[in-house]
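> Take a look at this one; I'll ask things after.
The values are calculated or read from the model by the stated rules, or taken from the named source; none is laboratory data. Predicted model, so just to flag it, every value in this text is computed and none were measured. Ideal geometry is used to build each Cβ from the backbone, glycine not excepted, and the neighbour counts take in all protein chains shown.
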Amino acid sequence: MATISTATKVQSGIQPKGSRVSELTTVSVFSANGSLSTGDVIQMVKVPVNGTLVDLKVSCVLSGQGSIKVGDGLSTARYISDTAASLSAGIMVMNAQSFVPYTYSTDDTIDVIYSGSVNASSGAIYMIATVSIDI
């Protein structure tokens, strides 16, 4: 049995990032009072420059039949690709299998993009996002 220490965060001189990092957790709620149409972009959470999203949970309780994707200004499905959004959608999390940490070079927002054959006229979208920021 071998001990392997070639991972990037265990090299000599590397200290745990947690000692020099601040984390922010934001809870955001969007109420769909009216009609969400295909292509509508809902800006849910601000991410500051040098922020890296480290955890994301989204829950949709929307009327109608549709789907959402979650991303930002540069990649509309960076965190969650097309996923059914309805009254019974449950909690969605980041694309765990394909997640690659992304650090923002400018201020941006985490966005929900709605699409559907039936517009959502009521309900809500809930988001909890945790962002790590180098300080």
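> Residues of the stretch 84-135 being touching a Leu at 6+ places or on another chain (Cβ under 8 Å), of a type in the set (Val, Ile, Thr) and at pLDDT below 85, which ones?
Within the stretch 84-135, Val93 is the sole residue that qualifies.
> I need the full set of residues from the stretch 100-125 which are over 13 Å from the mean Cα position of the chain (by Cα) and closer than 24 Å to Ser67 by Cα, in order please.
Within the stretch 100-125, Tyr114, Ser115, Gly116, Ser117, Val118, Asn119, Ala120, Ser121, Ser122, Gly123, Ala124 meet the criteria.
> Quick one: which residue in Gly66, Gly73, Gly51 is more than 18 Å from Ile128 (Cα to Cα), surrounded by 15 or more Cβ atoms within 10 Å (Cβ to Cβ) and modelled with pLDDT of 90 or more? Step through it out loud before you land on a result.
Numbers: Gly66 fails: modelled with pLDDT of 90 or more; Gly51 fails: more than 18 Å from Ile128 (Cα to Cα).
From the options Gly66, Gly73, Gly51, the qualifying one is Gly73.
> Another question, then. Is one or more of the residues making up the stretch 29-44 surrounded by 15 or more Cβ atoms within 10 Å (Cβ to Cβ), of a type outside the set (S, T, N, Q) and modelled with pLDDT of 90 or more?
Within the stretch 29-44, one or more residues are surrounded by 15 or more Cβ atoms within 10 Å (Cβ to Cβ), of a type outside the set (S, T, N, Q) and modelled with pLDDT of 90 or more.
> Continuing with this model, one more query. Which residue out of Leu53, Leu36 is within 20 Å of Ser22 (Cα to Cα), in contact with a strand residue (DSSP E or B) (Cβ under 6 Å, 6 or more places away or on another chain) and in contact (Cβ under 8 Å) with a residue 40 or more places away in the chain?
Going through Leu53, Leu36 in turn, the sole match is Leu53.
> Just to be sure I understand, how many residues within the stretch 27-38 are over 13 Å from the mean Cα position of the chain (by Cα) and part of a strand (DSSP E or B)?
Residues that pass the stated criteria total 4.
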